[in-house]
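The values are calculated or read from the model by the stated rules, or taken from the named source; none is laboratory data. Since the structure is predicted, the reported quantities are computational estimates derived from the model, not experimental observations. Every residue, glycine as well, gets a Cβ built from its backbone with ideal geometry; the counts of neighbours run over all protein chains shown.
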Amino acid sequence: MVSVSDPRPAATPGDIPKRSADKAHPVKPKDSASMLVLRRGPRGVEVLMGRRGRKAVFSNAYVFAGGKVDKADAAPVPASRLDPDLERRISSSPAKAQSFAMAAVRETFEETGLILGAPGDLGETGDASWEEMRALGLAPDLRKLGYVGHAITPASRAVRFNARFFCAWEEDMAGELGGSGELADLAYLPVEEALKLQMVDVTQFMLEEMLRREDNGFATPTSYPFFGYRKDRRYHRYK
């Protein structure tokens, strides 16, 4: 395992307030998942990104499609399972690992209109987004989902996320680019160009991880990053 500290303060957006001084313990992070939708362009790998609205967490920052893991994400039946090695890396609980992956697929569908799916029956879900996907005769094709890494928001913040980042190729996805409108300026950008946009540090780190993987020809990694904070100083490790 390799661990690297960064002496710079965490570049957490100013619109996420710090935890109140009268609260002795950190806020419990909310499980969340994001997906980097990738494609190969004339200038190298491109990633789908959009800008959050003014009232959102990470307001006006460019992000990948993603959001909180919902209880409903445990109900649908995927068309295929995650790679067993990735499942173990994401969580010690196979069911929880699958919920992270399912949330990434659902949030990407909601926010971009794209589905990482294959023919299948989700079963009864009780959720509007999953039922919309079910009506199309599709279910998440998790075997085509790659894993990028894990990140947790600083303990000093009032809103925290325990996030898993996934990736998938546009060629494996169905649907029309559009989505719910939660992400403005939705577009594919060369990673080097995307890194010039306004974004938080963890988004920057995951984009840089994509450049590292591109340099390796997108070979299957032997280790995956965790991005976190120690006393509001960011650090990362690979394991």
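Couple of notes before you dig in:
- Only listed residue being touching a helix residue (DSSP H, G or I) at 6+ places or on another chain (Cβ under 7 Å) and either surrounded by fewer than 19 Cβ atoms within 10 Å (Cβ to Cβ) or in a helix (DSSP H, G or I) (or both), chosen from ARG40, ARG106, ARG89, ARG134: ARG106
- ARG233 meets each of the listed conditions (1) exposed (fewer than 15 other Cβ atoms within 10 Å of the Cβ); (2) at pLDDT 95 or above apart from (2).
- The set of residues in segment 109-128 being assigned to a helix (DSSP H, G or I) and surrounded by 14 or more Cβ atoms within 10 Å (Cβ to Cβ) consists of PHE109, GLU110, GLU111, THR112.
- Number of the exception - ARG143 against (1) in contact (Cβ under 8 Å) with a residue 60 or more places away in the chain; (2) crowded, with 21+ Cβ neighbours inside 10 Å: (2)
- Any hit, segment 12-23, residues being modelled with pLDDT of 95 or more and not in a strand (DSSP E or B): no
Condition check ((1) within 23 Å of GLU208 (Cβ to Cβ); (2) in a strand (DSSP E or B); (3) at pLDDT 95 or above) across all residues:
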{"residue": "ALA139", "(1), (2), (3)": "no, yes, yes"}
{"residue": "ARG143", "(1), (2), (3)": "no, no, yes"}
{"residue": "GLY149", "(1), (2), (3)": "yes, yes, yes"}
{"residue": "PRO154", "(1), (2), (3)": "yes, no, no"}
{"residue": "ARG164", "(1), (2), (3)": "yes, yes, yes"}
{"residue": "CYS167", "(1), (2), (3)": "yes, yes, yes"}
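- Restricting the first member to segment 216-233 and to residues that are under 27 Å from HIS25 (Cβ atoms), and the second to residues that are among the hydroxyl-bearing types (Ser, Thr, Tyr) and part of a loop (DSSP other than H, G, I, E, B), the beta-carbon pairs closer than 9 Å and six or more apart or on different chains are GLY228/THR153; TYR229/THR12; TYR229/THR153; TYR229/SER156; LYS231/SER156; ASP232/THR12; ASP232/SER156.
- Test for ARG164: is it within 19 Å of the chain's Cα centre (by Cα), among the charged types (D, E, K, R) and over 19 Å from PHE205 (Cβ atoms): no
- Within segment 157-206, the set of residues being in contact with a helix residue (DSSP H, G or I) (Cβ under 9 Å, 6 or more places away or on another chain) and of a type in the set (Gly, Ala, Ser) comprises ALA163, ALA168, GLY175, GLY178, GLY179, SER180, GLY181, ALA194.
- None of GLU176, GLU182, GLU214 is outside any helix (DSSP H, G or I) and surrounded by 14 or more Cβ atoms within 10 Å (Cβ to Cβ) except GLU182.
One line per residue, one yes/no per condition, for (1) in contact (Cβ under 8 Å) with a residue 60 or more places away in the chain; (2) under 16 Å from SER34 (Cα atoms); (3) not hydrophobic (A, V, I, L, M, F, W, C):
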| site | (1), (2), (3) |
| --- | --- |
| LEU86 | yes, yes, no |
| THR108 | yes, yes, yes |
| GLU111 | yes, yes, yes |
| ALA118 | no, no, no |
| GLU124 | no, no, yes |
| ALA151 | yes, yes, no |
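- Qualifying residues in segment 189-228 (those that are touching a strand residue (DSSP E or B) at 6+ places or on another chain (Cβ under 7 Å) and of a type in the set (Phe, Trp, Tyr)) - the one farthest from ARG160 (Cα to Cα): TYR224
- PHE227 vs. criteria over 13 Å from LEU36 (Cβ atoms) and assigned to a strand (DSSP E or B): yes
- Test result for VAL191, of a type in the set (Val, Ile, Thr), in contact with a Cys (Cβ under 6 Å, 6 or more places away or on another chain), at pLDDT 95 or above and surrounded by 16 or more Cβ atoms within 10 Å (Cβ to Cβ): no
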